[in-house]
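K.L.:
Have a look at this one.
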Amino acid sequence: MRKPENTIGTSVPEMRSALRTHRFGWFEIVMLVVFVAVYYLLPGYLPLATQVAIMIIFAISLDLALGYGGIETLGHAVFYGIGGYAAGLYALHVWQEPISGLLVAAIAAGIFGIVSGVVVLRAKGLTLVMLTLACATMVHEFANSMRAVTGGDDGLSGYRIDPVFGLFRFDLFGRTAYIYSVCILVVVFLIARVVANSNFGLTARGIRSNAQRMQLLGVPVLNRLVLLYAISGALAGIAGALSAQVTKLVGLNTLAFTLSGNVLIVLILGGIGRLYGAVIGSIVFVVLSDRAAAIDPFNWLFILGGLIVLTVWLAPDGIAGRFSALTQQLRGRERKS
């Protein structure tokens, strides 16, 4: 008689593998320690640290699309801006509760990702880049023309945000805003890591490597890319909503090409296709921008550009890629010895 399969036994290794994949590693633990240390040791820099947290979320969203799906875009700020305006209008006309504002922003940006993705993701290469830029430009001009709703070039303001969970008010020193942003960052990072390490994420990497081969294998390439684009857009919308809630202002700059370029620079600095590269790149970019502006308020962009060129020259695969290569070299030497 054939021995019945031990379904429980076969599922245990899979469960252990999943736990190893999704549990916190040393990098996540170090970053949590750093964020806690900043709160206690650098209270005067909490507004800047909040900007770092928001930029990390934004960079993670782009990394899902570009680093894992190979979706080349120069208009990713459109999701950031849509999320910001959605959260601002929601707080102004509906409800001032912050968490629900984030959800509304994520839904709005995600829906736009689906609608626009069905159109633009049929293109490849330079055509795709220009289509994403065109979408962002159209939304920017639409927001500018709808002055009665968005405030036009004056921006959307005049709304208030309730205390988080009805308990923690947004104070003048930015303590609540910082803790709130870091908590949302942790949630977004975990979501992005689950997506990246799932079968869906592996399929997205396969599409990035060879879309034609995946199509021949029966994978619905366009559908997968649209879904990934929507998830990426939703996370970017959360970043925009966070900025809107913390600053209580949403301007046309949230839809500008400059912001799309900045977040792309962040990924180049940190390393594309590595979620922790988005973390490292955001910290480096925001801190360098702040320090360069403090050194020379008039020529700080020149200083920042020089530092970025130097960093990319020393680490072509990004800081995270350089660190990963050094780690592999050290492990190789240890094995030989």
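The values are calculated or read from the model by the stated rules, or taken from the named source; none is laboratory data. Everything numeric here is computed off the predicted structure, so don't read it as measured data. Note: ideal-geometry Cβ built from the backbone for every residue, glycine included; neighbour counts use all protein chains shown.
K.L.:
Condition first: outside any helix (DSSP H, G or I), at pLDDT 95 or above and charged (D, E, K, R). Can you find one or more residues in the range 219-240 that meet it?
P.N.:
Checked the range 219-240: no residue is outside any helix (DSSP H, G or I), at pLDDT 95 or above and charged (D, E, K, R).
K.L.:
With ASP162, ASP153 as the choices, which residue is in contact (Cβ under 8 Å) with a residue 40 or more places away in the chain, over 30 Å from PRO43 (Cα atoms), out of contact with any Cys (no Cβ under 6 Å at 6 or more places or on another chain) and among the charged types (D, E, K, R)? Let's see the steps before the verdict.
P.N.:
Details: ASP162 fails: over 30 Å from PRO43 (Cα atoms).
Only one candidate qualifies: ASP153.
Residue-by-condition table, conditions (1) of a type in the set (Phe, Trp, Tyr); (2) under 21 Å from LEU259 (Cα atoms):
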| position | (1), (2) |
| --- | --- |
| GLY277 | no, yes |
| GLY281 | no, yes |
| PHE285 | yes, yes |
| LEU307 | no, yes |
| ASP317 | no, no |
| GLY321 | no, no |
| GLN329 | no, no |
| GLY332 | no, no |
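K.L.:
Could you check the range 145-170 and list, in sequence order, the residues that are buried (at least 19 other Cβ atoms within 10 Å of the Cβ) and of a type in the set (S, T, N, Q)?
P.N.:
THR150
K.L.:
Just checking, which of PHE173, PHE200 is closer than 22 Å to ALA37 by Cα and surrounded by fewer than 18 Cβ atoms within 10 Å (Cβ to Cβ)? Before the answer, list the steps.
P.N.:
On the way: PHE200 fails: closer than 22 Å to ALA37 by Cα.
Going through PHE173, PHE200 in turn, the sole match is PHE173.
K.L.:
So which of ALA256, ALA278, ALA239 is of a type outside the set (Asp, Glu), touching a Leu at 6+ places or on another chain (Cβ under 7 Å) and in contact (Cβ under 8 Å) with a residue 24 or more places away in the chain? Let's see the steps before the verdict.
P.N.:
Numbers: ALA256 fails: touching a Leu at 6+ places or on another chain (Cβ under 7 Å); ALA239 fails: touching a Leu at 6+ places or on another chain (Cβ under 7 Å).
Criteria check complete, one pass: ALA278.
K.L.:
Which residue pairs have Cβ atoms closer than 7 Å, lie 6 or more positions apart in sequence or on different chains, and pair a first residue in the range 313-337 that is more than 20 Å from VAL284 (Cα to Cα) with a second residue that is at pLDDT 85 or above and assigned to a helix (DSSP H, G or I)?
P.N.:
Listed pairs, sorted by first residue: none to list.
K.L.:
Another one. Which members of the range 309-322 meet the condition of being in contact with a helix residue (DSSP H, G or I) (Cβ under 9 Å, 6 or more places away or on another chain) and surrounded by fewer than 17 Cβ atoms within 10 Å (Cβ to Cβ)? Let's see the steps before the verdict.
P.N.:
First pass over the range 309-322, keeping only residues in contact with a helix residue (DSSP H, G or I) (Cβ under 9 Å, 6 or more places away or on another chain): 311-312, 314-322.
Answer for the range 309-322, where residues must be in contact with a helix residue (DSSP H, G or I) (Cβ under 9 Å, 6 or more places away or on another chain) and surrounded by fewer than 17 Cβ atoms within 10 Å (Cβ to Cβ): VAL312, LEU314, PRO316, ARG322.
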